[in-house]
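Chemist: Have a look at this one.
The values are calculated or read from the model by the stated rules, or taken from the named source; none is laboratory data. What you are looking at is a predicted structure, and each value in this text was computed from that prediction instead of being measured. Glycine also receives a Cβ, built like all others from the backbone with ideal geometry; neighbour counts cover every protein chain displayed. For the accessible areas, the whole protein counts, side chains as well, though only heavy atoms, and no ligand, DNA or RNA atoms are used. Shrake-Rupley method; radii C 1.70, N 1.55, O 1.52, S 1.80 Å.
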Amino acid sequence: MSIKDQVREEVTIRFAGDSGDGMQLTGSLFTNTTALQGNDLRTLPEFPAEIRAPQGTVAGVSSFQLKFGSNEVLTPGDECDVLVAMNSAALKANLSLLKKGGIIIANTAGFDKKNLSLARYPDGVNPLDDGSLDNYTLIRIDVNRLVKEALSEMDISYKDQERSKNMFVLGLLYWMYNRPMESTISFLEKKFGAKKPEIAEANVKVLKAGYFFGETTEIFSSRVTVKQADLESGTYRNITGNEAIVLGMVAAARKSNMPMFLGTYPITPASDVLHGLAKHKKFGITTFQAEDEIAAVASAIGASFGGSIGVTSSSGPGIALKGEAIGLAVMLELPLIVINVQRAGPSTGMPTKTEQADLMQAVYGRNGESPLVVVAPQSPADCFMAAFDAVRVALEHMIPVMLLSDGYIANGSEPWKFPKSNDLPQINVEFAKARSGDDLEPYKPYNRDERLVRKWAIPGTEGIEHRVGGLEKEDGTGNVSYDPDNHQKMTDIRRDKRNLVAENIPLQEIDQGTESGEVLVVGWGGTYGTIRTVVHQLRKEGMDVSHAHLRFINPFPKNFGEMLSKYDQVIVPEINDGQLVRLIRSEFMVPAKAVNKVKGRPFGVSELKEMIKAAIEEKVASES
Amino acid sequence: MSVQTVIDDFIIKNAADLDNLPEYSGKEFASDQDVRWCPGCGDYTILKQVQNAMPELGLAKKDIVFISGIGCSSRFPYYMDTFGMHSIHGRAPAIATGLKVSRSDLSVWIITGDGDSLSIGANHFAQLLRRNVNVNLLLFNNQIYGLTKGQYSPASPEGSVTKSSPYGSIDHPFNPLAFSLGANGTFVARAMDRDPKHLKEMILRSHQHNGASMLEIYQNCVVFNDGAFELFTDKKSRPTEAIYLEDGEPLIFGKDKNKGIRLDGLRPEVVELGDQFSKDDLWVHDEKDQTKAYLLSRFFEQNAAGSEEHFPRPFGVLYAEDKQTYDDGVNMQIAHAKETQGEADLDALLEGNETWEVK
């Protein structure tokens, strides 16, 4: 039988196995290879919070979904074409995400009595044998046995054999989708080569065994090719959201020629920001792993007082702890960047699952009137410019800026047409000047320019010794003041100063659609790709729907209110219980409609499409 | 080329000419603000001694920063004509850490109290000491919450009757010096507001120590806890109740310098100097001996644990150790990275390891 070549526009693969099966690595390696092949792609890693969840159980399943294509790919896909199930629990947990008629690649060794029982299949039931998968293309492979055979001539432990299973599956998928193995081989050699050359050799052997298994067996009648995507021309790399934040931070430090100080405390899913920045000391970056979230932000404020870019990173629970100190930074009028990689809450919530429910916390979550700036990246690669912008605004306006990412874009990845450093804007920082002379008036740290911004007056500067603090202060002198009118004045100033940031950010643009019309879908943050895809489909179906995606939420872009007024309906999809929608309603008195989901997962395209359609019809129904 | 930031340039350009510093007087370190502590508060003398010590640091005013938390003592920075920050409750050590690590050229002082540092900020206090950040921490201990008007603090003796403990507090109090030694503090000392000369000396010693200096200062709260330290501060009882430590000197106290402390193994005992014991039999203070410093820190409860004996309270430097500071460690790593990792090439960083071309 000859093997046919098939060309497809897009493919979604889901790797699923036990936490110990290396599914995240398998997915990342497939992603890198695919990116190097020039496809557009998006990924969705999903894993349990437990480091070693009970083996073989549904709770312990870790998966990695990847969609790649020759057209624009903006989401990791609702359903997958191929599901790799390394054991019974992986099948059980993920079958509902496989398209009807899709391919299941099942490792039969993971479907023995013990595994079936751990996955809680009823006694005597094996889904591979009972006909329940008749609507799918089921490929059974005893991966364990094939790996053992592939390594029969090597002196390698059972444990290391087990660990290389994932490479077999990866090799097989490389064959199925016509991908080269070079990048993975060089990765394995780099990772194990020097210290454990036999492990590198074993993994490469198994990878190739998987590839050749696809080539020589006649399980598959065709191979699939996904052509290079028609991306904007240029040089690309693959990047996750958290990596992009790291690079955005370093770039902003270099473009301002400022030292950066990250004070932080490990927390899922934000820790990779610390891991990333900790490597970049030579760029003038200092990282400080503090004793807790409060010390983390406090140390960043201390560094900022001394003339560094003070940064702190966390997730919702940590941001809650930082609240008081962020208020101090508002009062001190010092630059501070607070990175919140949101996760599902409240309390500890679901640390490895995504949500957008910290928007109100970002905007209002401090005691007193405590205005700051909120910036939200819309995709993994966009985290770069959003982080850069957050630093720029903080430095230029002497104000704390909250960067609201989320677990979905933090761990997800996509191709990124990275900029040249010369193309990035310079960030200008000016410190207060030294003064000398005998009868100097006391220095006035709270004198302001026309944007209401005070000077960054750093210790070590002669003649401007001064004190700042969390107590209300008189404008200009900074002296402690309980004067009623002064408190009113300072509250107004801090608000107006924040609002004036709107003069320094781009106007809101329509991402897709018309400048006025029936429906405007307004999103923010990580929902961008899904909303864009949905709106594209709705427009194709002939509906009058447009899409605007907010990057700056606090303050809103100057033209945003007017933009909203030009549509009959405003619909706001969010992965929360309705937060931006409330801000829009209260700020612009627009009866915006909420479309919400809080399941720890992003919107699916078809799901969101139905929800938006329902929201539109609801309006029509109530009018008739 | 290795990264030279605007702050690196700033520090070089603004470096004070230490050989030609202005002749400061203590008064010149007073800010233009009215001091608003209660009349008779111990904070006044501490402020005065800090101001008096400043000209002797050999530093330019512009390079000195005072950071405080919340409490009566934490108003302190407003009264110093240096750079200063009155921050939030308990967090001054964390803020000071960020400042000192990023600006090792500055002399950073933390002003804190027993409420600020031993309860809400106890964690930061301990972490600062164990990291050995090169800052000076002045812990104003008045064994009471003054600013919130008189609740017991973690330093109040058991049984303290206060507004929040009308039947007497049942908390076992912190022993701040034992706590500091337990956190591996590298400089642990005690002084009192009523002995200004010794206090100033201890402030200067704190400054001279390279590392985190913890100076506990007994401070009288005239309104809510008047006389808490009278036993040690009153001229009549001080000679028998307080013992001043001098490095290399035997532990002698008493009205007529007639008492001493000797060690029987690791058990301290109070002895009368005379026929049976002479100076040569006494415990000689060694600031570098951590074990003995710990014993001294236990001269805290009226009677030392397991002993019938009553020990005088030690004042002075219990412990001083030379150890790498945290800020030096951080800066050495950064310098090493700059030296060994080649050019800080932003374009190479943005590009990463694997790229592809779309035509």
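Chemist: For the pairing of chain A with chain B, what total accessible surface becomes buried, with a 1.4 angstrom probe, in square angstrom to the nearest 100?
Modeler: For A against B, buried area totals roughly 6000 Å².
Chemist: Can you give me the Rg/Rh ratio for segment A:517-623, using Cα atoms for both radii and the Kirkwood formula for Rh?
Modeler: In segment A:517-623, Rg relative to Rh is 0.93.
Chemist: Check each residue of segment A:282-296 and keep those whose accessible area, probe 1.4 Å, is at least 30 Å² smaller with all protein chains in place than in the chain alone; give them in order of residue number.
Modeler: A:LYS282, A:PHE283, A:THR286, A:PHE288, A:GLU291, A:ILE294
Chemist: Here's a follow-up. Which whole-number percent is the relative contact order of segment A:237-423 (Cα, under 8 Å, 6+ apart)? Could the numbers behind the result be given before it?
Modeler: Working: 433 pairs, mean separation 53.6, N = 187.
29 percent.
Chemist: For segment B:310-337, list residues with backbone N below 19 Å from a point placed 7 Å from the Cα of B:THR240 toward its Cβ?
Modeler: B:310-315
Chemist: Now for a separate question. Please give the contour-minus-distance gain from A:ASN486 to A:LEU507: 0.36 nm per residue of separation, less the Cα-Cα distance, rounded to one decimal in nm.
Modeler: Gain on stretching A:ASN486 to A:LEU507: 4.2 nm.
Chemist: Cα atoms only, segment A:280-362: Rg and Dmax in Å?
Modeler: 13.4, 38
Chemist: Now for a different question. Ignoring ligands, DNA and RNA, what percent of the 1.4 Å accessible area of the protein assembly as shown is carbon and sulfur? Can you show the working numbers first?
Modeler: Numbers: 19040 of 39540 Å².
Taking all protein chains in place, the protein assembly as shown shows 48 percent carbon and sulfur surface.
Chemist: So what's the back-of-envelope 222 nm ellipticity for chain B, counting only DSSP H runs of four-plus at -39500 (n - 2.57) apiece and dividing by all residues, rounded to 500?
Modeler: -7500 deg cm²/dmol
Chemist: Okay, next question. Tell me, what is the FRET efficiency for A:ASP160 and A:VAL453 to the nearest 0.05, using R0 = 35 angstrom and their Cβ-Cβ distance as r?
Modeler: About 0.05, to the nearest 0.05.
Chemist: At 0.36 nm per residue, and after removing the present C-alpha to C-alpha distance, how many nm does the segment from A:SER2 to A:ASN499 gain when stretched out fully?
Modeler: Net length gain for the segment: 172.2 nm.
Chemist: To check you understand DSSP bridge types, tell me what percent of the beta bridges within chain A (both residues inside) are antiparallel, rounded to 5.
Modeler: Just about 35 percent of them are antiparallel.
Chemist: Using just the Cα positions, wrap the protein assembly as shown in a convex hull and report its mean projected area in square nanometres, one decimal place.
Modeler: Mean orientational projected area (the protein assembly as shown, Cα hull): 49.6 nm².
Chemist: Once you treat every alpha carbon in segment A:222-271 as an equal point and sum by Debye, what is log10 I(q)/I(0) at q = 0.28 Å⁻¹?
Modeler: For the requested q values the scattering log ratios are -1.14.
Chemist: Show the residues, 5+ positions off or on another chain, whose built amide H is closer than 5 Å to the amide H of B:LEU273.
Modeler: When sequence neighbours closer than 5 places are left aside, the close amide H contacts are B:LYS259, B:GLY260.
Chemist: What whole-number value in cubic angstrom gives the convex hull volume per residue for the C-alpha atoms of chain B? Working shown, then result.
Modeler: Numbers: hull volume 74.7 nm³, N = 359.
In chain B, the Cα hull volume divided by residue count equals 208 Å³.
Chemist: Turning to a different aspect of this structure: Using θ = phi - 60° and the Karplus form 6.51 cos²θ - 1.76 cosθ + 1.60, what ³J(HN,Hα) does each residue of segment A:117-128 get, whole Hz, x for Gly and Pro?
Modeler: Once θ is set to phi - 60°, the couplings for segment A:117-128 become 6, 4, 7, 6, 6, x, 3, x, 9, 10, x, 6 Hz.
Chemist: Can you give me the relative contact order of chain A as a percent, contacts being Cα pairs under 8 Å and 6 or more apart?
Modeler: Result for chain A is 11 percent.
Chemist: Okay, helix-only estimate at 222 nm for chain A: each DSSP H run of n ≥ 4 adds -39500 (n - 2.57), divide by all residues, round to 500 deg cm²/dmol; what do you get?
Modeler: -11000 deg cm²/dmol
Chemist: OK, next. Based solely on C-alpha atoms, express the radius of gyration and the Dmax of segment A:4-223 in angstrom.
Modeler: Here Rg and the maximum Cα pair distance are 16.6, 48 Å.
Chemist: Another one. Place the peptides B:91-103, A:409-421 in order of packing, highest mean first, counting for every residue the other Cβ atoms within 10 Å and averaging per peptide.
Modeler: Ranked by mean Cβ neighbours within 10 Å, highest first: B:91-103, A:409-421.
Chemist: A further question on this structure: What does DSSP give for segment A:237-423 in terms of the percent of beta bridges that are antiparallel, rounded to the nearest 5?
Modeler: Antiparallel bridges: around 20 percent, rounded to the nearest 5.
Chemist: What share of Cα pairs, in percent, lie more than 30 angstrom apart in segment A:237-423? Write down the numbers at each step before the final one.
Modeler: Numbers: 1507 of 17391 pairs.
So the pairs more than 30 Å apart make up 9 percent of the total in segment A:237-423.
Chemist: Where in segment A:55-161 are there trypsin sites (Lys or Arg not before Pro) that are in a DSSP coil and have at most 12 other Cβ atoms within 10 angstrom of their Cβ?
Modeler: Answer by residue number: A:ARG120.
Chemist: Return the distance in nm (one decimal) between the two label points of a simple spin-label model at A:LYS100 and B:LEU263, each offset 7 Å from Cα along Cα→Cβ.
Modeler: About 8.5 nm, to one decimal.
Chemist: In a shell of Cβ-Cβ distance under 9 Å around A:GLY517, excluding A:GLY517 itself, what net charge do Lys and Arg (+1) and Asp and Glu (-1) give?
Modeler: -3
Chemist: Then there's this: Summarise the long-distance tail of P(r) for segment B:1-122 by giving the % of C-alpha pairs beyond 24 Å.
Modeler: Looking at segment B:1-122, the distances longer than 24 Å represent 34 percent of pairs.
Chemist: Report, as an integer, the average count of C-beta atoms from other chains found within 10 Å of each Cβ along B:329-341.
Modeler: Averaged over the peptide's residues, the number is 3.
Chemist: Binning at 10 Å from 0, report for segment A:430-505 what percent of all alpha-carbon pair distances ends up in each bin.
Modeler: Calculated over all Cα pairs of segment A:430-505, the distribution is 17, 45, 30, 8, 0 percent.
Chemist: In percent, what relative contact order does chain B have, based on Cα pairs under 8 Å that are 6 or more apart in sequence?
Modeler: Relative contact order of chain B: 15 percent.
Chemist: What list of whole percents do you get for P(r) of segment A:59-127, with Cα-Cα distances grouped in 10 Å bins up to the one holding the largest distance?
Modeler: 20, 47, 24, 8, 1
Chemist: Leaving out ligands and nucleic acids, note down the accessible area per residue over the protein assembly as shown with a 1.4 angstrom probe, in whole Å².
Modeler: Averaged over the residues of the protein assembly as shown, the accessible area is 40 Å².
Chemist: Sequence-distant or interchain residues sharing an amide H contact under 5 Å with A:GLY517, placed H: which?
Modeler: Correct list: A:TYR567, A:ASP568.
Chemist: Give me Rg over Rh for segment A:1-62, both radii from the alpha carbons and Rh done the Kirkwood way, two decimal places.
Modeler: Details: Rg = 15.0 Å, Rh = 13.6 Å.
That ratio equals 1.10.
Chemist: Between beta-carbons, use under 14 Å as the cut-off and find the net charge around A:GLU610, counting Lys and Arg +1, Asp and Glu -1.
Modeler: -2
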